[in-house]
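Participant: Quick one: structure below, then a few questions.
A short reminder: the numbers here are calculations on the coordinates, not readings from a lab. Please read all numbers here as calculations on a predicted model, not as lab measurements. Neighbour counts are summed over all protein chains in view; Cβ atoms, including those assigned to glycine, are modelled from backbone coordinates with ideal geometry.
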Amino acid sequence: MELFTDSGLKAYDYRLKKMEAGKETPPPIIDQLREYAETRIKLAKYQAIEGGTSIAASLIADVVAVMSMVLAFVFASFTLAFYLGSLFGADWMGFGCVAVLYLIIALTIKYNKSAIEKPIVNAFIHKIFKN
């Protein structure tokens, strides 16, 4: 981790060259500490902004991906329902079979909730603290 930002380092080099050329006395330690603290505060702000924007961008990308998957799932469900309806000779039977299939999936998820929740929670935690 760098102690100075580029602008802080340039200002420090400038003052150092000026002191060497004119044999000036260095600025008091209080001024140096104040400048160091200001630089550290700016660095912390920039790091916070970077982290926040990274999380926001990741969240937006995930929402778009989930919405796309939901739409694909809905259209695939209609396709399967109409296909099964054509096999059975009635659309209502195709939609009924798809509904029963989703009921079975929902009950399986409900009874295995704890086994499914833990990996999802871990994935969210890993995404937030990816650094």
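Participant: What FRET efficiency, computed as 1/(1 + (r/R0)^6) with R0 = 30 Å and r the Cβ-Cβ distance, is obtained for Asp91 and Ser68, rounded to the nearest 0.05?
Facilitator: Values: r = 27 Å, r/R0 = 0.89.
E between Asp91 and Ser68, to the nearest 0.05, is 0.65.
Participant: Just rank Phe73, Phe82, fewest to most, by other beta-carbon atoms within 10 angstrom.
Facilitator: Arranged by neighbour count, lowest to highest, Phe73, Phe82 become Phe73, Phe82.
Participant: Between Ile104 and Gln47, 0.36 nm times their residue separation minus their Cα-Cα distance comes to what?
Facilitator: Contour length minus the Cα-Cα distance gives 15.8 nm.
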